1. Can you go through ALA444, ALA430, ALA393, ALA419 and tell me which one is part of a loop (DSSP other than H, G, I, E, B) and under 27 Å from ALA16 (Cα atoms)?
2. Taking the conditions exactly as written (under 24 Å from MET298 (Cβ atoms) and open to solvent by less than 80 Å² (accessible area, probe 1.4 Å)), does CYS403 satisfy them or not?
3. Identify all residues within the range 244-294 that are at pLDDT 90 or above, part of a loop (DSSP other than H, G, I, E, B), crowded, with 18+ Cβ neighbours inside 10 Å and not aromatic (Phe, Trp, Tyr); write none if there are none.
4. Restricting to the range 168-202, give me the number of residues that are touching a helix residue (DSSP H, G or I) at 6+ places or on another chain (Cβ under 9 Å) and outside any helix (DSSP H, G or I).
5. When you scan the range 120-142, do you find a residue that is under 27 Å from ALA393 (Cα atoms), in contact (Cβ under 8 Å) with a residue 40 or more places away in the chain, out of contact with any Leu (no Cβ under 8 Å at 6 or more places or on another chain) and of a type in the set (D, E, K, R), even just one?
6. Between PRO132, PRO109, PRO202, which is surrounded by 13 or more Cβ atoms within 10 Å (Cβ to Cβ) and within 27 Å of GLN63 (Cα to Cα)?
7. Which of the strands (runs of 3 or more DSSP E) contained wholly in the range 20-70 include at least 1 residues that are closer than 22 Å to VAL270 by Cβ and in contact with a Lys or Arg (Cβ under 6 Å, 6 or more places away or on another chain)?
8. Looking only at the range 1-60, which residues are hydroxyl-bearing (Ser, Thr, Tyr) and open to solvent by 30 Å² or more (accessible area, probe 1.4 Å)?
Amino acid sequence: MSRKILVNVGPYESRAAILDNDQVTELFFERQETEKIVGCVFKGRVANVVPGTQSVFVDIGLQKDAFLTMNSIEMPGGDDDDFKDIYKTSLQDMIKVGQEVLVQVLKEPTPGKGPRSTMFVSLPGRYLVFMPTWEHIGISRQIGQDKERERLRQIGKRLCPKGSGVIFRTAAEGIDERELQSDFRLLEKLWKKAEEKARHSPIRTMVHRDMPLPLKLVREFLTDDVDRFIIDSEEDYKGILDDCDFLSPFQRAAMELYDEKVPLFEKFRVEEEIEKAIQHKVLLDSGGYLYIERTEAMISIDVNSGRFSGGADLEETVFKVNREAAKVIARQIRLRNLAGMLVIDFIDMEDQKHCREVVKTFKEAMKGDRNRPHISDMSELGLVQMTRRRTSASLIELMKSPCHCCSGRGQVFSRLTLANRLRKLVLDCAHRYEVNTIRARCHAELI
């Protein structure tokens, strides 16, 4: 299987696509206006200490103060006695009103509550999580062999300066110490930048945010089996090569800077796939089609034979359509980032062997999905139920909003989506044509 990663970097929106065998399988978006603050580190000032609820409120510049619980101010040590000692300590002795602190956001704010935060910062890397303010070495429970756990523990002791720690992720199993050191050095470099910024910045300043989209993709997806990693930003291209010491020679060789006139996503026909992925109807090569609909409780996917007639054997015809649909549905789930409860209504089949084969095909196609899908067997009614973990908004949620004309019964492109499209179109025209003026006429809200 050949794999390409395409990254389109823009001032207001960055996008990425993963292509397996030249077919788009996953899409990623990062928007400046809607950026989440989970994982961000702020320099704040303690606004209030409430001993009764064992909580502290910190002004970090948002509408509502960030709040910290007792154990996110003083992290327990290795045994139960240390844990008990925390609650013997007066909260006012641990932290004072007016004190300047660095806090990391754990949970997004809600209309009635500020963001939940901690003073124990953690920076995730490819193989490990660096904890600059907590002296502790942890190892993923998925790494079961005692010998490997001990090896990683010894590496952790050599890596960490006094007062800091690491947690080794599952991906660290069997990885050479040199690569683990490179991953650690990148995170350490990011933390030093955050500390430096905090020293010279006023309170209410964000001193660190999670890695931007290009670096996240390098961290999570750039492995030796990636053929090409193509990015259209020279600054980000150079930054990856300079900062990511952990890259292998194969991974460095896969890095490409895209500088052609035709936009990157247009060149590789990703824009077409995005347009298709926001439609309800998905056509199958056989002539059948899928219909994907979101309801309040779940997402339903209906398989229809359409104009596919196949041969004289109706059962065999239905089986072929369902098996093709199973592969396409798996791709559409990842492409659209569908999550929660999903119900797939395959065309009814009489042969139980065919039913099992369709489910097997679907499960095979969902292998490698990072969002932990749980897929049930087919019911007597031809339904397959599944759940998939939600990690971010779906493609439809990102790109569309309820229509104000029909009170939300339909959906239109959101103003943010249209504004970003218009920006891209204007910049594309400016790049392609030698003109003095580009005039756009659109709704006042969009302008």
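1. ALA393
2. The answer is yes for CYS403.
3. PRO263, LEU284
4. 4
5. Looking for residues that are under 27 Å from ALA393 (Cα atoms), in contact (Cβ under 8 Å) with a residue 40 or more places away in the chain, out of contact with any Leu (no Cβ under 8 Å at 6 or more places or on another chain) and of a type in the set (D, E, K, R), one finds at least one in the range 120-142, hence yes.
6. Among PRO132, PRO109, PRO202, only PRO109 is surrounded by 13 or more Cβ atoms within 10 Å (Cβ to Cβ) and within 27 Å of GLN63 (Cα to Cα).
7. Strands (runs of 3 or more DSSP E) meeting the threshold: 23-31.
8. SER2, TYR12, THR34, THR53
The values are calculated or read from the model by the stated rules, or taken from the named source; none is laboratory data. Just so it is clear, the model here is predicted, and its values are computed rather than measured. Quick reminder, even Gly has a Cβ in these numbers, built from the backbone with ideal geometry, and neighbours come from all protein chains shown. To get the accessible areas, we keep the full protein, side chains included, count just its heavy atoms, and leave off ligands, DNA and RNA. Shrake-Rupley method; radii C 1.70, N 1.55, O 1.52, S 1.80 Å.
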